[in-house]
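K.L.:
The structure's right below; bear with me while I get my questions together.
Derivation of every value follows stated rules applied to the coordinates shown; laboratory data play no part. Keep in mind that this is a model prediction, so the values were computed, not measured. So basically every Cβ, Gly included, is an ideal-geometry build from the backbone, and we count neighbours across all protein chains shown.
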Amino acid sequence: MRHFLKETDFKESELPELFAQARDFKTQRGSHARPLAGQTWALIFAKSSTRTRVSFEVGIHELGGNPLFLNAGDIQLGRGESVEDTARVLSRFVHGLVVRTFQHSDVERLATSGSVPVINGLTDFLHPCQIYADAFTMAEKWAGAGALVPALRGRKIAFLGDTACNMANSWVLGANHFGMKISLAGPASFAPGPELDALLAKSGFSGGYQFTTDPLEAVRGADVVYTDVWVSMGKEEESRERRRVLQPYAVTGRIFAAAKPDALFMHCLPAHPGEEVMPEVLDNPRSVIFDQAENRLHMQKAILATLAQARR
Ligand code: CP
Ligand code: NVA
């Protein structure tokens with residue numbers, strides 16, 4: 001059974017076809033095949049969502065399937081039924097699961113206990129659907145009508161702010177997988193943790209990442225300046241302290257101007273203008289935040305179609 005829990009779950013050799021399929025789904029919207037016809041995919045969400053929920057519900061529908069949204073708190077999982085039993089029971093009803101939750105080990109346990117594909121719709125550790133849609137967005141901008149995946153190779157991402165969050169972890173793993181370079185800038189106490197280092201080592205990546213406390217150093221020579229919220233879901237109690245220590249890492253016009261002259265600004269959204277990014281950067285012509293959001297749909301349809309095909 002194939003799952004998509006982390007960036008490396010698609011082999012490097014599979015990326016060109018996956019990205020090409022996302023491009024086809026984008027250009028043929030409404031007139032393509034329906035590889036999920038007759039299937040129901042459940043979305044189990046323990047956290048809020050706009051983009052992930054809507055893009056998966058619409059995407060499953062457009063592929064001919066039926067999306068079934070389950071608030072994790074409304075099913076017995078929220079009252080203590082085990083992750084394993086939930087996976088076993090839902091596998092008897094549905095053809096796949098998309099899961100947004102806190103502990104990354106929960107999506108792994110669902111995948112090992114069930115008998116249907118599981119897609120990680122965000123955990124505290126990783127957000128791989130976002131990274132694939134973002135990489136597709138970059139490749140679209142840089143490749144034009146040419147080959148998408150090679151356009152990523154050698155490019156540099158600068159990730160500023162909460163450099164210990166799911167998006168930072170995922171971008172480190174994704175950059176290594178796509179042959180890109182990544183510099184992270186945040187306070188020393190926000191340096192990536194041992195869980196990420198262990199995963200990089202296990203994945204055989206030697207490039208790793210650069211970590212600095214100097215935002216200007218990170219953005220020098222960058223093709224993309226990326227940031228995420230300072231207070232991720234589940235970290236609300238730390239809001240005040242996070243806003244204080246992360247202040248120097250806000251993406252201001254001055255910091256964005258220190259990247260390459262044609263650098264893109266990217267953010268997974270939701271954004272907090274005036275906090276982790278200034279309005280003049282969000283509204284800059286080189287900000288591609290809404291293309292990123294739209295591409296969640298096209299890339300996830302490619303992921304869904306590939307996992308569904310692998311099941312046959
Ligand atoms: N970027 C993202 O995953 O957005 P949602 O939290 O709205 O799904
Ligand atoms: N780091 C953010 C990403 C939201 C898409 C969070 O986990 O809340």
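K.L.:
Between Ser189 and Asp85, what length comes free when the chain is fully extended (0.36 nm per residue of separation minus the Cα-Cα distance, one decimal in nm)? Present the calculation step by step, with values, prior to reporting the outcome.
P.N.:
Values: separation 104, 0.36 × 104 = 37.44 nm, distance 3.80 nm.
Here the segment from Ser189 to Asp85 would lengthen by 33.6 nm.
K.L.:
Starting from the 7 Å offset along Cα-to-Cβ, what nm value, one decimal, do you get for the label separation of Ala310 and Asp214?
P.N.:
Distance between the two pseudo-spin positions: 4.3 nm.
K.L.:
Go ahead and run the numbers for FRET between Gln76 and Ala143, Cβ-Cβ distance against an R0 of 51 Å, rounding to 0.05.
P.N.:
Result of the calculation: an efficiency of 0.65.
K.L.:
List the trypsin sites (Lys or Arg not before Pro) in the stretch 1-106 that DSSP assigns to loop (not H, G, I, E or B) and whose Cβ has at most 10 other Cβ atoms within 10 Å. Which are they?
P.N.:
Counting only loop positions with at most 10 other Cβ atoms within 10 Å, the trypsin sites (Lys or Arg not before Pro) in the stretch 1-106 are Lys11.
K.L.:
From the Cα trace of the chain, what convex hull volume per residue do you get, rounded to a whole Å³?
P.N.:
Taking only Cα atoms, the chain has a hull volume of 126 Å³ per residue.
K.L.:
Take the chain, connect every pair of alpha-carbon atoms lying under 10 Å apart with a spring to form a Gaussian network, then pick out the residue of Ser206, Ser287, Ser82 with the largest mean-square fluctuation.
P.N.:
Ser206
K.L.:
Now, a different point. Could you pull out which residues in the stretch 49-90 have an amide N less than 20 Å from a spot 7 Å beyond the Cα of Phe102, following the Cα-Cβ vector?
P.N.:
49-50, 70-87
K.L.:
Oh, and also: Extension gain Thr50-Asn66, at 0.36 nm per residue separation less the Cα-Cα distance, in nm?
P.N.:
Additional length available on full extension: 3.9 nm.
K.L.:
When only DSSP loop residues count, what GluC sites (Glu not before Pro) in the stretch 76-180 have their Cβ near at most 15 other Cβ atoms within 10 Å? Walk me through the intermediate numbers first.
P.N.:
On the way: sites: Glu81, Glu84, Glu108, Glu140; in loops: Glu81.
Counting only loop positions with at most 15 other Cβ atoms within 10 Å, the GluC sites (Glu not before Pro) in the stretch 76-180 are Glu81.
K.L.:
With a point put 7 Å past each Cα toward its Cβ, work out how far Glu294 is from Thr112 in nm, to one decimal.
P.N.:
4.2 nm
K.L.:
For the chain, what is the calculated [θ] at 222 nm in deg cm²/dmol (nearest 500), taking -39500 (n - 2.57) for each run of four or more DSSP H residues and dividing by its residue count?
P.N.:
Estimated from H runs of four or more residues: -12500 deg cm²/dmol.
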